[in-house]
Amino acid sequence: MTEYEKMIKGLLYDPGDEEIAKKQIPYLDKLWEFNQLKPSQTKEKETYMKEVFAECGDNNYIELPFHANFGGHHVHLGSYVYANFNLTLIDDGHIYIGDRVMIGPNVTIATAGHPVDPDLRRKNLQYNKDVHIGENVWIGAGVIIMPGITIGKNTVIGAGSIVTRDIPENCIAVGNPCRVMREVSERDKEYFYKNEKVADCF
């Protein structure tokens, strides 16, 4: 089994393998070019996502700079996704992001991990576990999502949280490690911020 085949299967592998590097570097070169685009070059941004990402829906927008180990080539993006500045996707494994997900600034979504055993780590070994983010999720600023995590639809992950376990749908979760604080409720339909009413905005 080649190192690339091990990588795809989520097994321990050598990420510095020559075959893997040959596949990875062209995407990193394209990513460098992507990060040079002007804010007004929205069509060029969309072209990059459609050509490089594993899947890409419509009406997505990523603020630059954007960082990704494979340039986003292992990212599966729905439609109407917005990502703020400095999104980092450790996309050695696959990252699935549903429709209408909002991602705050300085968020990291990681699929790559390393063995705890120090002798294995000396061999520079790595493994990848896919991340799944459901539709209509809001990920706050500075969140870190660890390998293998699933976040259910309609959930809010509070700013600065470190997500080390799966989070169910329709809830608000915060902290380090990230834990469910409460479910999304009927009150959230009436109030958008503390005691400020949605009805007062229309």
In nm, spacing of pseudo-spin labels at Glu33 and Ala141 (7 Å Cα→C-beta vector): 3.4
Cβ-based charge dipole, segment 60-202, positive-most Cα from Asn124, Phe192, Thr150: Asn124
Where in segment 86-128 does the amide nitrogen come within less than 20 Å of the point 7 Å from the Cα of Lys23, taken along Cα to Cβ? 89-97, 110-115, 124-128
How are the Cα pair distances of the chain distributed, in percent, across 5 Å bins from 0? 1, 7, 14, 19, 18, 15, 12, 8, 3, 2, 1, 0, 0
To the nearest 20 debye, what charge dipole does segment 49-101 have about its Cα centre, counting +1 at the Cβ of each Lys and Arg and -1 at the Cβ of each Asp and Glu? 80
Could you work out which residue, out of Glu190, Glu135, Glu46, moves most in a Gaussian network model of the chain, that is, has the largest mean-square fluctuation with Cα springs under 10 Å? Glu190
Whole angstrom only: what separates the Cα centroid of segment 1-69 from the Cα centroid of segment 121-136? 15
Segment 24-120, convex hull of Cα, quarter of hull surface, nm² -> 6.5
Relative to the present Cα-Cα distance, how much length would full extension add between His132 and Asp14 at 0.36 nm per residue of separation? 40.1 nm
If every Lys and Arg gets +1 and every Asp and Glu gets -1 at its Cβ, then about the Cα centre the chain yields a dipole, in debye to the nearest 20, of 400
Taking placed amide H atoms and a strict 5 Å upper bound, the residues 5 or more places from Cys171 or on another chain that come that close are Thr155, Val156, Val184
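Coordinate-derived values only; no laboratory data. None of these values were measured; they are calculated from a predicted model. As a convention, Cβ positions derive from the backbone with ideal geometry for all residues, glycine included, and neighbour counts pool all protein chains shown.
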